[in-house]
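Below is one structure, written out as structure tokens; the observations come after it.
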Amino acid sequence: MQFIDLHKQYDLIEDSLRKRLDKILGEKRFIGGEEVDELENMLADYVGVKHVLACASGTDALIIPLRAYELKKDDAVFVPSFTFFASGESVSLAGGTPVFVDVDESTFNIDSDSLMQKIKEVKREGKLKPRGIIAVDLFGLPADYDEIKKIADQEGLFIIEDAAQGFGGSNKGRKAGSFGNMAGTSFFPAKPLGCYGDGGAIFTDDDDLYAVMKSVHVHGQGVDKYDNVRIGLNSRLDTIQAAVLLEKMSLFDRELELRNEAADYYEKRLSDYVKTPKIPEGYYSSWAQYTIQVKDEQTRQRIIDTLGAEGIPAMIYYPIPMHQSTAYKGDNLDTVLPVSEKLSKVVMSIPMHPYLSREEQDSICDSVIKEC
Ligand SMILES: *Cc1c(COP(=O)(O)O)cnc(C)c1O
């Protein structure tokens, strides 16, 4: 069994995708071109934002917005600790300092009380200056941007939405990618909308930030292409990857429905045995991962071993909260984030993709229930 099955999806798009790729190979246009423009326009319509900038990865889709804010070393950007490493790493790469915040136990997303407390701590200590917040739509569920925005407005902070896993999700009809001043997503193959390599995109309604980011993503180029006005990156989305994404967009909404049906079925079968993920009223998840919480670390290992023996892959997202990672723990010796620390010991993710059959789900659930 596959953790994320890309084969069945490929069968559905193979013919039309091969036509698109043949055209690109025939014309030998590998950078830019109409596919990238078409994709950016399609994504802007889909998410409901003014500007989309395709780039080379989800990590770059965070670094480029952060670079637009010209962070200094003593600028604090608040990031949940329980997330993929790139959420915080991007802050360091853009020249600022990540300050790790705890998450909510039932949504896995940034906890506004912990956020407020960390902002107060930073202001009290006076070493760093609060600048912004990166909120993550973890496992596909958009964060609570109503609460986050109240805090950001009150404290004068920017918000960047890390929608690497959230693309396709929504809250009260508003789509992931449209929250915050800017948002970044990833097209890594295993994400809800993935290409066949690395890729990413940035979303914003802000004309000025968009203009700066357009420059940052190609070496800080100015009006004159060879008079560079700032230090930038080389971060473009390849034409071939744009073609893959255009084809996959034709399946995407149906795939979201199928993911949600699979999640409903897991909920029905597992909720009496493990803590299943709950989607708050008004929200829609893109189900990048289906992550359950079990009793303790030993139980988790037992379940993973049993699943493994049946040929069923399971993953731990994430086994180490960022403030305890080797890279960051030295700067965070006094940081205690109880929920992130607890979650890293009891979470596990089971196969989730649009083409999961009910028979496969039954065999996954049987093994999980047996070891609970
Ligand atoms: C995958 C991911 C990223 C980074 O995306 P890449 O395309 O792999 O660079 C950033 N944040 C989160 C939450 C992710 O899951």
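The values are calculated or read from the model by the stated rules, or taken from the named source; none is laboratory data. Please read all numbers here as calculations on a predicted model, not as lab measurements. Heads up, the Cβs are rebuilt from the backbone with ideal geometry, glycines too, and the neighbour counts pull from every protein chain shown. Remember, those area values only see protein heavy atoms, side chains included, never the ligands or the DNA or RNA. Shrake-Rupley method; radii C 1.70, N 1.55, O 1.52, S 1.80 Å.
Condition (residue is out of contact with any Pro (no Cβ under 8 Å at 6 or more places or on another chain), at pLDDT 95 or above and in a strand (DSSP E or B)) applied to segment 243-257: is it met by at least one residue?
No; the residues of segment 243-257 include none that is out of contact with any Pro (no Cβ under 8 Å at 6 or more places or on another chain), at pLDDT 95 or above and in a strand (DSSP E or B).
Please determine, by comparing only the residues of segment 200-242 that are under 14 Å from ASP60 (Cα atoms) and among the polar types (S, T, N, Q), which one is surrounded by the most Cβ atoms within 10 Å (Cβ to Cβ).
Selected residue: SER235.
Got a number for residues in segment 61-92 being touching a residue at least 12 places away in the same chain (Cβ under 8 Å) and part of a helix (DSSP H, G or I)?
14
Sort out which residues of segment 8-60 are within 23 Å of SER235 (Cβ to Cβ), open to solvent by less than 50 Å² (accessible area, probe 1.4 Å) and part of a helix (DSSP H, G or I), and write them in order of number.
LEU21, ILE24, GLU35, VAL36, LEU39, GLU40, LEU43, ALA44, TYR46, VAL47, ASP60
Assess whether LEU245 counts as being open to solvent by less than 60 Å² (accessible area, probe 1.4 Å), among the aliphatic types (A, V, I, L, M) and within 21 Å of SER178 (Cα to Cα). Lay out the reasoning, then the answer.
Details: open to solvent by less than 60 Å² (accessible area, probe 1.4 Å): yes; among the aliphatic types (A, V, I, L, M): yes; within 21 Å of SER178 (Cα to Cα): yes.
Taking the combined requirement at face value, the residue satisfies it.
If a residue has to be touching a Phe, Trp or Tyr at 6+ places or on another chain (Cβ under 7 Å) and open to solvent by 40 Å² or more (accessible area, probe 1.4 Å) to count, how many in segment 330-368 make the cut?
Counting residues in segment 330-368 that are touching a Phe, Trp or Tyr at 6+ places or on another chain (Cβ under 7 Å) and open to solvent by 40 Å² or more (accessible area, probe 1.4 Å) gives 1.
Let me confirm something: among SER106, SER90, SER81, which residue is under 17 Å from VAL136 (Cβ atoms) and open to solvent by 10 Å² or more (accessible area, probe 1.4 Å)?
Going through SER106, SER90, SER81 in turn, the sole match is SER106.
Looking at (1) over 25 Å from ILE13 (Cβ atoms); (2) open to solvent by 90 Å² or more (accessible area, probe 1.4 Å), which is the only condition ARG254 fails?
Going through the list (1) over 25 Å from ILE13 (Cβ atoms); (2) open to solvent by 90 Å² or more (accessible area, probe 1.4 Å), ARG254 breaks only (1).
Could you say whether any residue in segment 218-239 is more than 16 Å from LEU53 (Cβ to Cβ), in contact (Cβ under 8 Å) with a residue 24 or more places away in the chain and within 16 Å of the ligand (Cβ to nearest atom)?
If we filter segment 218-239 for residues that are more than 16 Å from LEU53 (Cβ to Cβ), which is where we start, we get 222-229, 231.
Pick out the ones that are also in contact (Cβ under 8 Å) with a residue 24 or more places away in the chain and you get none.
No: zero hits.
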